[in-house]
Amino acid sequence: MDETHSPLLVEPDPTSNLNDLLAARVARGADAPLLERRTVAADGTVTWEAVTARAFDEDVVALARGLVAHGVRPGDRVGILSRTRYEWTLVDFAVWAAGAVPVPLYETSSAEQVLWILQDADVSLLVVETAAHAAVVEGVRPDAPSLREVLVLDEGAVATLTAAGASVERAEVERRRGLAGLDDLATIIYTSGTTGRPKGAELTHGNFVVLTVNAVDRLGVVVSAPGARTLLFMPLAHVFARFVEVLVVAAHGAVLGHTPDTKDLLADLGTFQPTFILSVPRVFEKVYNSSEQKATAAGRGGVFRRAVAVAIAYSRAQDTPRGPGLSLRLQHRVADALVLSKLRRALGGRAEWAISGGAPLGERLGHFYRGLGLHVLEGYGLTETTAPATVNLPERTKIGTVGPALPGTGLRVAADGEVEIRGVGVFRGYHGNDAATAEAFGDGWFRTGDLGSIDEDGYLRITGRKKDIIVTAGGKNVAPAVLEDRLRAHPLVSQVVVVGDSRPYVGALLTLDPEGVPGWLAAHGKPAMSVVEAAQDPDVVAALEAAVERTNAAVSRAESIRRWRVLDRDLTIAGGHLTPKLSVRRAEVLKDFAEDVEALYDGSDAAH
């Protein structure tokens, strides 16, 4: 059994908590900016207003006093249902300052999901973003008896709480700030879940505090370099974004911004100019694909593809003893002038680092972005590990791996290939679900459900999801992630679900990307058409067939995709086929598209 352990670099005071991270940041530089708040002028111009550490702390205390005035007691559960915005982080830290426990809800949650979390976590006060969110809550409120009050950010919730807090002594908030220790509950984050009801992972103050201060130490050049800044656009209901929020507060001088709508992401990257970017691989894929399409549409597709090839070759050469040769360095300089520098400007012009998690990035994109000048540090973790358990290091990155264990973390690979984790980031259990908690652990190690291997340097490589392994009728074990990740990288493709369990061969269901199709059609001199029409177009079909062939080159014949079919619609969160972090709900897809799966095996002409 492969096993590795990474010792702690920093060991915090056991009586400390998340409030102490903010206090330490204020003590280090009260008048230095901690956040920049996005503001939109009447003409649509976006500017960023600096918020100092002192000012943010004052806002936190004022809001915490308001929560106390509204009856929030130490240990109470306060829900937050909103897009990623300044107020989300403000409310989060205010709830901690009031001695309570924030419970995030995805702003895309259905009424049923909202009700389940309100009931399961015993939420007493809920802060939502919009009147539409409040309406969803109102529809289920009779079945959530613990919920006393709902406040709406867009209707002045912050001002309402701040005004109410004027009657509460500041000393009461200071008292509550010191109540929690590292072992006390900090938050309950509900796993988005690809099957069944979400489970509430109980994460402690210690999970966040110990993991973040050690991550800051390990990633110092990324998060604590002079002028370090990052733009948060992932949902703060997701553990990765939440960890980043705390990480920036714990870092030395880093600045945090928020983008509520990913449609504005590229524009906001341009005005905010982050030095490090944190994202899931799908965003990196989208940036690459849209750039390729724009170049092709402008008649520069060949130049773009040659620049990409040079960037990848340049990055790969960095992993060799001699490094890039003179000829490759000259080619890279030309590629940079023609293409690569423009892509860096599209990311704000100052980004040198990126941290990717949530799904495999893939070696092609990893090398491309490093050749571009953006060093992507791929990491790995789950809600139950407070996000990152491993991450590649600035001083040594192995593209294709998710890096070594973070300080205070142990990794091992069980006999069946499952990755198991223990250490400072591992949660204390599922809220109110002892059976699920017991099932999740073995011999003190958390069973991740992912398959992987650890190399001689302690770097982890994830190879698939244990429960997703397909066993064909011929007895071949197939990890669908390898095929799905490679095929999804094509600009026409949005989602891929590989099938074949107990079937004679492997097949795949594809969906076309509604955003990618128009650009691809224009770039290839094709007239505009709907996604459904495009799925029948001979040139689109030929491009998809070629993409499948390239994907199959990564696996054996027995593991390759033999037949594939394009679905008549994309997989979405609203449709119930994706989780909020964009993971496919495989069981739901197989149930709702059962006829499409059968078409892959019944000889139907509807499959390719």
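The values are calculated or read from the model by the stated rules, or taken from the named source; none is laboratory data. Note that the structure is predicted; figures quoted are calculated from it, not measured. Using ideal geometry, Cβ is built from the backbone for each residue, glycine included, and neighbour counts are taken over all protein chains shown.
Restricting the range 372-398 to residues that are over 14 Å from Arg461 (Cα atoms) and of a type in the set (Ser, Thr, Tyr), the residue that is surrounded by the fewest Cβ atoms within 10 Å (Cβ to Cβ) is Thr383.
Looking for something out of contact with any Leu (no Cβ under 6 Å at 6 or more places or on another chain), closer than 30 Å to Leu578 by Cβ, surrounded by fewer than 20 Cβ atoms within 10 Å (Cβ to Cβ) and basic (Lys, Arg) - is there at least one such residue anywhere in the range 171-178?
For the range 171-178, residues out of contact with any Leu (no Cβ under 6 Å at 6 or more places or on another chain), closer than 30 Å to Leu578 by Cβ, surrounded by fewer than 20 Cβ atoms within 10 Å (Cβ to Cβ) and basic (Lys, Arg): absent.
Scanning the range 110-135 for residues that are among the acidic types (Asp, Glu) and modelled with pLDDT of 95 or more yields Asp120, Asp122, Glu129.
Is at least one residue of the range 71-83 touching a Gly at 6+ places or on another chain (Cβ under 8 Å) and within 17 Å of Glu169 (Cα to Cα)? Checked against the condition, which is being touching a Gly at 6+ places or on another chain (Cβ under 8 Å) and within 17 Å of Glu169 (Cα to Cα), the range 71-83 yields at least one hit. If the condition is being out of contact with any Ser or Thr (no Cβ under 8 Å at 6 or more places or on another chain) and closer than 30 Å to Asn17 by Cβ, then the range 400-425 contributes no residue at all. Among the candidates Ile277, Ile312, the residue that is hydrophobic (A, V, I, L, M, F, W, C), modelled with pLDDT of 85 or more, buried (at least 18 other Cβ atoms within 10 Å of the Cβ) and touching a His at 6+ places or on another chain (Cβ under 7 Å) is uniquely Ile312.
Restricting the first member to the range 102-115 and to residues that are assigned by TED's automatic domain parsing to the domain that holds Thr262, and the second to residues that are part of a loop (DSSP other than H, G, I, E, B) and at pLDDT below 90, the beta-carbon pairs closer than 6 Å and six or more apart or on different chains are Tyr106/Pro580; Thr108/Ile573; Thr108/Pro580.
Name the one entry in Gly519, Gly507 that is more than 17 Å from Glu285 (Cα to Cα) and either outside any loop (DSSP other than H, G, I, E, B) or of a type in the set (Ser, Thr, Tyr) (or both).
Working: Gly519 fails: more than 17 Å from Glu285 (Cα to Cα).
The unique qualifying residue is Gly507.
Pick out the one residue from Phe208, Phe240 that is under 20 Å from Pro394 (Cβ atoms), outside the structural domain of Gly576 (by TED's automatic domain parsing), crowded, with 23+ Cβ neighbours inside 10 Å and of a type outside the set (A, V, I, L, M). The match here is Phe240. You will find that of Gly403, Gly410, the residue that is in a strand (DSSP E or B), of a type outside the set (Ser, Thr, Tyr) and touching a strand residue (DSSP E or B) at 6+ places or on another chain (Cβ under 9 Å) is Gly410 and no other. Number of residues in the range 102-123 that are surrounded by 23 or more Cβ atoms within 10 Å (Cβ to Cβ) and either among the β-branched types (Val, Ile, Thr) or in a strand (DSSP E or B) (or both) equals 7.
Thr296: over 28 Å from Arg83 (Cα atoms) and not assigned by TED's automatic domain parsing to the domain that holds Leu90, yes or no? Explain how you work it out, then say what you get.
Working: over 28 Å from Arg83 (Cα atoms): yes; not assigned by TED's automatic domain parsing to the domain that holds Leu90: yes.
Taking the combined requirement at face value, the residue satisfies it.
I'd like the residue in the range 45-91 that is more than 19 Å from Asp122 (Cβ to Cβ) and part of a loop (DSSP other than H, G, I, E, B) and, out of all such residues, is nearest to the chain's Cα centre (by Cα). By that ranking, first place goes to Thr84.
This table checks each residue for (1) buried (at least 17 other Cβ atoms within 10 Å of the Cβ); (2) in a strand (DSSP E or B); (3) out of contact with any His (no Cβ under 7 Å at 6 or more places or on another chain); (4) not assigned by TED's automatic domain parsing to the domain that holds Val283.
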{"position": "Ala436", "(1), (2), (3), (4)": "no, no, yes, no"}
{"position": "Ser453", "(1), (2), (3), (4)": "no, yes, yes, no"}
{"position": "Val482", "(1), (2), (3), (4)": "yes, no, yes, yes"}
{"position": "Val496", "(1), (2), (3), (4)": "yes, yes, yes, yes"}
{"position": "Asp501", "(1), (2), (3), (4)": "no, no, yes, yes"}
